[in-house]
Every structure is written in C-alpha cells, then in structure tokens.
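Each value in this text was obtained by applying a stated rule to the coordinates, not by laboratory testing. Computed from a predicted model, the values in this text were never measured in an experiment. All Cβ positions, even for glycine, are placed from backbone atoms using ideal geometry, and neighbour counts span all protein chains on display.
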Amino acid sequence: MDNGDQDVDVGTWFSNLLHDQWVTVPVAGRRPPGRYKHAAAVAGERLFISGGSRNGRHLSDIQVLDFTNTTWSSLKLPAASSAAENDSLVQVFPATSGHHMIVWGQKLLLLDGHSKYSSCVTVLILDLETQECGVMETIGEIPVAREGESVTLVGSKLIVFGGEDIHRKLLNDIYILDLDTMTWNKVEATQNPPSPRYDHAATVHAERYLLVFGGSSHSTCFNDLYVLDLETMEWSQPETRGDYVSPRAGHSGITVHGNWYIVGGGDNKSGALDTLVLDMTKLVWSVVTSVKPRDPLARKQLDSTKTENTEVEGAGQKQDGFSGTTSVKDAKRLLELSLAEVREENSKLKGKIDEINSNHEELSKELASVQGQLISERSRCFKLEAQTAELQGMLESLPSVEAEVQSLRKEKFFTEQVEHNTAVQRQGSRGVWQWFSGGESSP
C-alpha cells in the first residue's frame, strides 16, 4: 500500500545502517502480539498498526511505534460517547482482519476487511488529534466486504481492486471512493484485466497509472504485472525487463522516488527471499537483496510503510506454506479451497473432453462422407481421363485426316475437269457430224 512520501524525523537510530540491507531495529516498550493480515501506516513520526489475526482470532487493538525513541505503546481510545454527540461515529474499534489503513490529513482511514458487522466495505476513521474512532457514512455503489484486496490513494480518491469476498469468491473488480463526497462508484475498465486474485500489491505511478503485481488464486500464485490507465480506464500487461521475479502472494510494496520496492510474500511452497525493486519508468525489475530462508521477512502478510528513504516492515505471525505455521482451521480452509478449485477444473476439463469427443464423432462422419465423395469423384476423373485420351488421339490423327480430305478434293476436282472436258468434246463431235451430214444433202 502506497502511503506517499512522508517528511519524518526518525532520529539517528538508522545512521549506521548498511545500504540495501535489512536489519532488526532495537525497540523499547511492550511489543505488540504477533499477527498477520493487519494494517499499518506512517503518520508524522509514528507508525500505527491495527487489527489483524492471531491464531484464527481477529484483533481490535491499535499499536503505535514512535520513531523518535523507537518505543512501542498501545493507543487507548476514549470510552464510547452518547449518540447525541455525533450520530455518525461509533466509539468502538471493531475486531477486524484483512483491512487497510490510509493517512488522510490528520486522520487515519481504515477500510474494513472481513468483520462480523457488515456485508459491505466499511470505512472507519481515527482522528489522530482527538483519538476518536468511528464509522463514516458512505453512499453510492458500495462494494461487498472482502479481504486481500488492494487499496491505493490517488489524489482524493481510493482505488480498490480485487480481493476475496466472504463466500471465498475471487474478484477482479474496481471500485473508487471519492473522499470529498464519500461516494462509491464501480468502474468498468476495458481491455484485458488481471485474473481474479487476492493478496496482491498495488501502487500508483505519475498520478495516472495503477500498477498491480502478483497475488494468488486458491491454487496458484502469480508474478505478472498489470497497469490500469486511470484516464482511459484501460488495462494492459506491459513487457518488463531485468531480473527474474518469482510468483508470490501476501507481499508488501512501497514506492520511493519512482521505484516500487516489493518484500515478503511467497508461494505455496516457500517464502520469497528476495527484495525486489521495479523502476516504474523503465519497467525494469532488480533484486536489491536477499534474506535467509528462515528470516521473518521471508513470509506472507507483511505490511510495509515508509519513513523518508527507509522501509519499515511489520512482520506478522508465520503462516503455513510461507516458512511458518498458522492455525489448523486456516490450513484446512486453504486445502478445501484448493480441492474445490481442482474439482472445478476437473469438471471443466471433463466438459471440454466430452465436447472434443462429440466434435470428433461429427468430424468422423463428415470425413466418411467426404471419402465417399472422393471415391465418386475419382471414378468420374477416370472416365474423363479416358475420354480425354480418346480426344487426344483424335486430335493427333487430325493432320492425316486433313491430308486425306485435301487429296479427295483434288481427285474430285480432276474428275470434274475430265467430265467437263469429255462433255465439251462430245458436244463438238456432234456439231461436226451434223455439218458433214448437211453438206451431203445439198444440190
């Protein structure tokens, strides 16, 4: 969760720190109980941590780390006041888990995750001056209650993406809360959005681009990066360069001068040992440093905050599959969800196989029909080839036929000439004889 750049005087405890190395900060006071799925934010010179889960139970406390003396203390909220004083505030901080904390002026806003009090996302407010805590009334298209979503502050708007609802349904929807009017709006983004997921990380770059990295479904983790253009509301999946980034969920992220640092998280086998940084301008991944396998940072569900150029990680309880253990109930739930998802995938695959078999049967029938047509066409081709050969023979004999016809024409011509000459001769002979006959009879 990006909390913005903070001008914080944290004293001199970090003056001897090595660059790009994680160290344990010496602290005083009573340390908060171990937890996970809590929320954290830096306001002024203090780190606030609220709620979370411990051994399957939701917590309702607010813990504070003072950076000036690195001392832990517990924030004591005032007793509940009468409804007549402020009808919109309830002076009770509910036990909650999987929520988010945002610094808004001199107030902390807490977007409730899974609680027992509402089926929709609830916005709590903690006044840092009066220490009054209450519920803010919101209007519009209020999203359903969820956990594992990302909440990013952009100007005066909160952008909520994805998560898992109370029925374990994975989400990839987008809601925007206008903090000036406390109005919710559901956004219909275009192009190809990320697949439904939870326990991912998100941040904003250049006050325009929402970046979403990693997360998980019920059976697998992701290492993809998606970008939402907040002006056009179009999703894209840009190509990144640099070091290889392993799939992970439950990690934490913070931006420092255009760089997005990612720490913690893991997959269903082990925790992520490397601390990553993404140059959001060049989209180049780099591994900053790595920790040992059993290090508290190599686990899921960290919450990251920032003080100037120093990251502070609030590590929770270790969880199963992320270099530690969690409650049997949570482990059973994960196994049941994974099993249900595998069964659903098997059902889909069976449907696809049945469809392929049906298509195969239809294609086999079409193939048999085409083969019959092909045999018929081959027979017709054989007949045409025989006729073509016969015609070719006739064409080849055409010159001799033409010569014979020419010869017959000549013979006919000569015959006609002879007959004509014979007729002329006969006619001439008949005239001579008549002349001779006529001469003898004259006196």
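Taking H placed 1.01 Å from N in the peptide plane, check which residues at least 5 places from residue 154 or on another chain put their amide H under 5 Å from its amide H.
Answer set, sorted by chain and number: 159.
Calculate the FRET efficiency for residue 379 and residue 359 from the Cβ-Cβ distance with a Förster distance of 41 Å, rounded to the nearest 0.05.
FRET efficiency, residue 379 to residue 359: 0.85.
State the Cα centre-to-centre distance between region 180-197 and region 218-290 in whole Å.
So the two Cα centres are separated by 20 Å.
Quick one: if the Förster radius is 41 Å, what FRET efficiency do residue 237 and residue 166 give, using the C-beta to C-beta distance and rounding to 0.05? Working shown, then result.
Numbers: r = 29 Å, r/R0 = 0.72.
The value I calculate is 0.90.
Taking amide H atoms as placed 1.01 Å from N in the peptide plane, list the residues 5 or more away in sequence, or in a different chain, whose amide H sits under 5 Å from that of residue 145.
Result for residue 145 returns 120, 121.
In whole Hz, what ³J(HN,Hα) sequence does region 275-284 give by Karplus (6.51, -1.76, 1.60; θ = phi - 60°), x for Gly and Pro?
With the stated coefficients, region 275-284 comes to 9, 9, 9, 10, 6, 6, 7, 9, 6, 10 Hz.
Using θ = phi - 60° and the Karplus form 6.51 cos²θ - 1.76 cosθ + 1.60, what ³J(HN,Hα) does each residue of region 408-414 get, whole Hz, x for Gly and Pro?
Per residue, the Karplus-derived 3J(HN,Hα) values read 5, 4, 5, 4, 4, 4, 4 Hz.
How much length, in nm to one decimal, is gained on full extension between residue 207 and residue 76, taken as 0.36 nm per residue of separation minus their Cα-Cα distance?
Stretched out fully, the residue 207 to residue 76 stretch lengthens by 43.6 nm.
What's the extension gain from residue 16 to residue 335 if we count 0.36 nm per residue and subtract their Cα-Cα distance?
Details: separation 319, 0.36 × 319 = 114.84 nm, distance 4.49 nm.
So the extension gain works out to 110.3 nm.
For residue 272, which sequence-distant residues (separation of 5 or more, or a different chain) have an amide H within less than 5 Å of its own amide H, given hydrogens modelled in the peptide plane?
Residues meeting the criterion, in which the H sits 1.01 Å from N, are 265, 266, 267, 299.
Points 7 angstrom from Cα along the Cβ direction at residue 409 and residue 349: gap in nanometres?
So the label points at residue 409 and residue 349 sit 8.4 nm apart.
On a full-extension model of 0.36 nm per residue, what is the gain between residue 186 and residue 429, subtracting their alpha-carbon distance, rounded to one decimal in nm?
Length difference between fully extended and current span is 74.7 nm.
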